[in-house]
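**Student:** A single structure is presented below for examination.
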2 protein chains.
Amino acid sequence: MTEPRLVEVRKNVLKQNDVIARALRERFHQAGVFVVSLVSSPGSGKTAFLEKTLTMMRPHHRVAALVGDLATENDAARLARSNAPVKQIITGTVCHLDAAMVENALQDWDLVDLDFLFIENVGNLVCPSSYDLGEDLRLVLMSVTEGEDKPLKYPTIFNSADVAILSKLDLATAVEFNWDQAQRSIQSVRPGMMVINTSAKTEQGMSEFCDFLVQRSRMRAAIAV
Amino acid sequence: MTEPRLVEVRKNVLKQNDVIARALRERFHQAGVFVVSLVSSPGSGKTAFLEKTLTMMRPHHRVAALVGDLATENDAARLARSNAPVKQIITGTVCHLDAAMVENALQDWDLVDLDFLFIENVGNLVCPSSYDLGEDLRLVLMSVTEGEDKPLKYPTIFNSADVAILSKLDLATAVEFNWDQAQRSIQSVRPGMMVINTSAKTEQGMSEFCDFLVQRSRMRAAIAV
């Protein structure tokens, strides 16, 4: 009964989000900061992956992170070990970040001081997919422990992402991970999607990933000129 | 701006859900079927856990399962290997089951033919928490690969569940799982919560879990008389 009204209200919320996200993206471009967001299930290793990324990039680039969570500041505390500026966004009962939360969190940051800004979304494979945060690149992480068919089960989040990061590759043997099957799932949902194999623990793929980000930010800078 | 209206509409949806859930619970009790729902992140092993449970219980009890998913029938196909009756509920873009979906899926099932009905929710640690499905017992699964602080990050879902199932215990060493820390997280969110250690792969804890269900269903039957 109430469904059509709910859909309509949802549309308005999304429209409002898009307006703010567009303004954010414009601001990011003008400041010359390349913005990368991360989505995944809870526990697929976003924070470990991001901590490793911040630690590896910080000697060469000015990096910072925003991290969304329902209830704790644990992730911000973990990421702060990289010595990069980090801010936690507590979403309460909301299962995703939205553009207004990002805008709000950035109020006292001068974006021209940054080369890369990372935004770690709330761990959720459904809610974050419809919310543009003004990012340049959206990564979807999928750990080898989750099962190879996650893309088939959550196609929208894989469709809304630009690059898939396979995480926890160090556990691949222990969980009998089938890489070909995972690759088939990803490619059937989003043909041609780039997939990067990583392990934050063994650092497999991490420097390749950092190089990829630097290259992508240069490409965007070249286009902006 | 639109938030208060959204909250109001959401309240109506939840109220409507509660009315249907209440009727379902009454129907389950009259038919003498004990209903168990499962919530967790995507990939924490609900389907493997449930397949093992159905297989172990089927020789002694009449068991069946409903399984919710956004987009595929993969889980129903996996659960059907247990030879128990299984039905898939495809939710589309909706990140949780609701009581109406369950009611609808059960239309052509005669509940008096069942002793236990399992309902596997969509993999999500946020959305399912507010939706009563008329179940007798709600289990929240947490795999050892997800990180010990999940209960602190998703307190609502742990609060709305009756029992916590630690899954994939066979991987505990590989991921350096800290059982004490996980236990502290759970107990700080929900003091006194029962925690069962399991591995669907090695069958650790599985027969204890099945015994627990049988005992709980007898307790409920005793109360109902």
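The values are calculated or read from the model by the stated rules, or taken from the named source; none is laboratory data. All values reported here derive from a predicted model rather than from experimental measurement. Backbone-built Cβ (ideal geometry, glycine too); neighbour counts: all protein chains shown.
**Student:** Say we look at region B:124-134 and pick out the residues that are out of contact with any Phe, Trp or Tyr (no Cβ under 8 Å at 6 or more places or on another chain) and not polar (S, T, N, Q); which of these is nearest to the other protein chains (Cβ to nearest Cβ)?
**Tutor:** The qualifying residue nearest to the other protein chains (Cβ to nearest Cβ) is B:C127.
Residue-by-condition table, conditions (1) among the hydrophobic types (A, V, I, L, M, F, W, C); (2) over 29 Å from A:T91 (Cβ atoms):
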| residue | (1), (2) |
| --- | --- |
| A:E135 | no, no |
| A:F158 | yes, no |
| A:G205 | no, yes |
| A:R220 | no, no |
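**Student:** Look at A:G92 and say whether it is modelled with pLDDT of 95 or more, in a loop (DSSP other than H, G, I, E, B) and touching a Leu at 6+ places or on another chain (Cβ under 8 Å). Before you say what the answer is, go through the steps one by one.
**Tutor:** Details: modelled with pLDDT of 95 or more: no; in a loop (DSSP other than H, G, I, E, B): yes; touching a Leu at 6+ places or on another chain (Cβ under 8 Å): yes.
Against the criterion (modelled with pLDDT of 95 or more, in a loop (DSSP other than H, G, I, E, B) and touching a Leu at 6+ places or on another chain (Cβ under 8 Å)), A:G92 does not qualify.
**Student:** Give me the residue from region A:5-23 that is closer than 19 Å to B:N12 by Cα and hydrophobic (A, V, I, L, M, F, W, C) and, out of that set, modelled with the highest pLDDT.
**Tutor:** Just the residues of region A:5-23 that are closer than 19 Å to B:N12 by Cα, to begin with: A:5-13.
From what's left, hydrophobic (A, V, I, L, M, F, W, C): A:6-7, A:9, A:13.
On the way: A:L6: 65, A:V7: 70, A:V9: 72, A:V13: 78.
Selected residue: A:V13.
**Student:** Name the single residue, out of those in region B:156-176 being within 13 Å of chain A (Cβ to nearest Cβ) and touching a Lys or Arg at 6+ places or on another chain (Cβ under 6 Å), that is modelled with the lowest pLDDT.
**Tutor:** B:N159
**Student:** Between residues in region B:97-112 that are more than 15 Å from B:E26 (Cα to Cα) and residues that are of a type in the set (V, I, T), which pairs lie under 6 Å by C-beta distance while being six or more apart or on different chains?
**Tutor:** B:M101/B:I89; B:A105/B:I89
**Student:** Right, something else. Testing A:A161 on (1) surrounded by fewer than 17 Cβ atoms within 10 Å (Cβ to Cβ); (2) of a type in the set (G, A, S); (3) under 22 Å from A:E51 (Cβ atoms), one condition comes back false. Which one is that?
**Tutor:** It fails just one condition, (1).
**Student:** When only residues in region A:177-207 that are modelled with pLDDT under 95 and surrounded by fewer than 14 Cβ atoms within 10 Å (Cβ to Cβ) count, which is nearest to the chain's Cα centre (by Cα)?
**Tutor:** A:M194
**Student:** Can I ask one more? In region B:55-98, what count of residues is obtained for those that are touching a Gly at 6+ places or on another chain (Cβ under 8 Å) and away from chain A (no Cβ under 14 Å)?
**Tutor:** Result for region B:55-98: 0.
**Student:** Take the conditions surrounded by 15 or more Cβ atoms within 10 Å (Cβ to Cβ) and over 22 Å from B:G123 (Cα atoms) and apply them to A:A174. Does it pass?
**Tutor:** yes
**Student:** Now, a different point. Going residue by residue through region B:148-155, is there one that turns out to be over 17 Å from B:G45 (Cα atoms), within 13 Å of chain A (Cβ to nearest Cβ) and aliphatic (A, V, I, L, M)?
**Tutor:** yes
**Student:** Moving to a separate point now. Give B:A84, B:A77, B:A21 a once-over and let me know the one that is hydrophobic (A, V, I, L, M, F, W, C), assigned to a helix (DSSP H, G or I) and either within 20 Å of A:I157 (Cβ to Cβ) or without any contact (Cβ under 8 Å) to a residue 60 or more places away in the chain (or both). Walk me through how you get there before you give the answer.
**Tutor:** Details: B:A84 fails: assigned to a helix (DSSP H, G or I); B:A21 fails: either within 20 Å of A:I157 (Cβ to Cβ) or without any contact (Cβ under 8 Å) to a residue 60 or more places away in the chain (or both).
Only one candidate qualifies: B:A77.
**Student:** Out of curiosity, is B:S44 within 14 Å of chain A (Cβ to nearest Cβ), surrounded by 15 or more Cβ atoms within 10 Å (Cβ to Cβ) and under 30 Å from A:V13 (Cβ atoms)?
**Tutor:** The answer is yes for B:S44.
**Student:** So B:V39 ticks every box in (1) buried (at least 24 other Cβ atoms within 10 Å of the Cβ); (2) under 22 Å from B:R22 (Cα atoms); (3) more than 14 Å from chain A (Cβ to nearest Cβ) but one. Which box is left unticked?
**Tutor:** (3)
**Student:** Now, a different point. Return the total of residues in region A:73-108 being loosely packed, with under 15 Cβ neighbours inside 10 Å, of a type in the set (S, T, N, Q) and under 27 Å from A:D18 (Cα atoms).
**Tutor:** Count: 3.
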